[in-house]
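**Q** Dumping the structure here so I can ask a few things about it.
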Amino acid sequence: MATPRKPMKLTLPPPESTMGKFLTHSGTFRDGDLLVNKDGLRIVPQSEGGEAPPIEPLDSQLSLDDLDVIKVIGKGSSGNVQLVRHKFTGQFFALKVIQLNIEDSIRRQIAKELKINLSTQYQYIVVFYQCFYFNGAISIVLEYMDGGSLSDFLKTVKTIPEDYLAAICKQILKGLIYLHHERHIIHRDLKPSNILINHRGEVKISDFGVSAIISSSSGQRDTFIGTRYYMAPERINAKKHGYMSDIWSLGLVILECATGNFPFPPCDSFYELLEAVVNQPPPSAPSDQFSPEFCSFISACTQKDAKDRSSAQALLNHPYLSMYDDLHVDLASYFTTAGSPLATFNSRQL
Ligand code: ADP
């Protein structure tokens, strides 16, 4: 298991922090011992009277005022993502801005998820540096991934060949193994826009928690236009979902990368799509176009019954992932040449 990275000074939340009442207080977002405002995030002991104490900058190296916006690099379901540069160090970050015109209970859940993200630093997970609450929006400072997301990359390359896809899939699985087996966290919203790549050939999982909560809020369903749905049948059926729900999503993502198409046929409404996920046979890879190993890998992920799916750990040992080992594929040059210019930003342009 690779060693967790620690690229910047961070104050990590205590493992068991008390969740208290959520209130806003002069631009301060408070949930139990968590305080977020324009100066950053801190963990404070619960105060008796419920009044939030004045907030001080968590980390003088990273405050919202010190970040210059370079450009908008993405638009997600919950808001924009901007490329920003730290004024003094010149370091680039991605700043994800989430507008908070949502119910209080959802905000409370988001704050809880933010704590989980802050304490998660690992080679195959996009680093979550800091978050701020300001002017009604939560802004999250993330590691900048200069190749953008798999969804951006797919728009350029259309399909990813099996050998490259195996190398990509291995890194996603290592991220999932870390989340599932070490942190006991279910991602809940694995999809191409949450898998990010960079010019070093690195593939990292982003955004677990926050976007899943937002996309499951009711407003989303009114805006069905070509929505893709990577969530497992058991989630739609409101049955208990667990780690294996992420494996279903992984199967759909990998299949989409291989074929260039979302694995379910176009539907007229969100409910029709949900109906298809629950009632149609599970998606599979066409055996006349792909290796038997690849087809078997997809089928190990897309079993309708969650119990029949393979775990992330078992999938990492699947023959599909080892059959291309000898080729030593170079993802760094694949991402920079096949997807060139890099989807969101080319460092040579600055
Ligand atoms: P969603 O809401 O669909 O989960 P996001 O808001 O997380 O999507 O991301 C939308 C887009 O923003 C991505 O497809 C990608 O192009 C870009 N993006 C998100 N995070 C980063 C990052 N850390 N580095 C570079 N680009 C990013």
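**Q** Give the range 231-283 a look and list any residue that's open to solvent by 20 Å² or more (accessible area, probe 1.4 Å) and closer than 25 Å to His318 by Cα, or say none.
**A** The answer is Met231, His241, Gly242, Tyr243, Met244, Thr259, Gly260, Asn261, Phe262, Pro263, Pro281, Pro282.
**Q** Right, here's the next one. Being crowded, with 19+ Cβ neighbours inside 10 Å, at pLDDT 80 or above and either more than 22 Å from the chain's Cα centre (by Cα) or assigned to a loop (DSSP other than H, G, I, E, B) (or both) is the filter here, so list the residues in the range 65-91 that pass it.
**A** Leu67
Okay, residues lined up against (1) open to solvent by 10 Å² or more (accessible area, probe 1.4 Å); (2) touching a residue at least 40 places away in the same chain (Cβ under 8 Å); (3) more than 10 Å from the ligand (Cβ to nearest atom); (4) not aliphatic (A, V, I, L, M):
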| site | (1), (2), (3), (4) |
| --- | --- |
| Phe132 | no, yes, yes, yes |
| Leu150 | no, yes, no, no |
| Glu162 | yes, yes, yes, yes |
| Ile168 | no, yes, yes, no |
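**Q** Given the conditions (1) within 11 Å of the ligand (Cβ to nearest atom); (2) at pLDDT 95 or above; (3) over 16 Å from the mean Cα position of the chain (by Cα), which single one is not true for Lys155?
**A** Among (1) within 11 Å of the ligand (Cβ to nearest atom); (2) at pLDDT 95 or above; (3) over 16 Å from the mean Cα position of the chain (by Cα), Lys155 violates only (2).
**Q** With respect to the numbered conditions (1) part of a loop (DSSP other than H, G, I, E, B); (2) closer than 24 Å to Val157 by Cβ; (3) free of Cβ contacts under 8 Å to residues at least 40 places away in the same chain, which one is the sole condition not fulfilled by Pro266?
**A** With (1) part of a loop (DSSP other than H, G, I, E, B); (2) closer than 24 Å to Val157 by Cβ; (3) free of Cβ contacts under 8 Å to residues at least 40 places away in the same chain applied to Pro266, the lone miss is (3).
**Q** Does the range 194-209 contain at least one residue that is part of a helix (DSSP H, G or I) and not polar (S, T, N, Q)?
**A** Checking the range 194-209: not a single residue is part of a helix (DSSP H, G or I) and not polar (S, T, N, Q).
**Q** Follow-up question, since we're still on this one. Answer with yes or no whether Ile138 is within 13 Å of the ligand (Cβ to nearest atom) and either surrounded by fewer than 21 Cβ atoms within 10 Å (Cβ to Cβ) or outside the structural domain of Phe290 (by TED's automatic domain parsing) (or both).
**A** So Ile138 fits the description; yes.
**Q** Which one of these is at pLDDT 95 or above, touching a Phe, Trp or Tyr at 6+ places or on another chain (Cβ under 6 Å) and of a type outside the set (A, V, I, L, M, F, W, C): Lys191, Lys204?
**A** Only one candidate qualifies: Lys204.
The values are calculated or read from the model by the stated rules, or taken from the named source; none is laboratory data. Just so it is clear, the structure is predicted and the values come from calculations on it, not from any experiment. Please note: Cβ atoms are built from the backbone with ideal geometry, for glycine as well, and neighbour counts cover all protein chains shown. Each accessible area value is taken on the protein alone, full model and side chains, heavy atoms only, with ligands, DNA and RNA left out. Shrake-Rupley method; radii C 1.70, N 1.55, O 1.52, S 1.80 Å.
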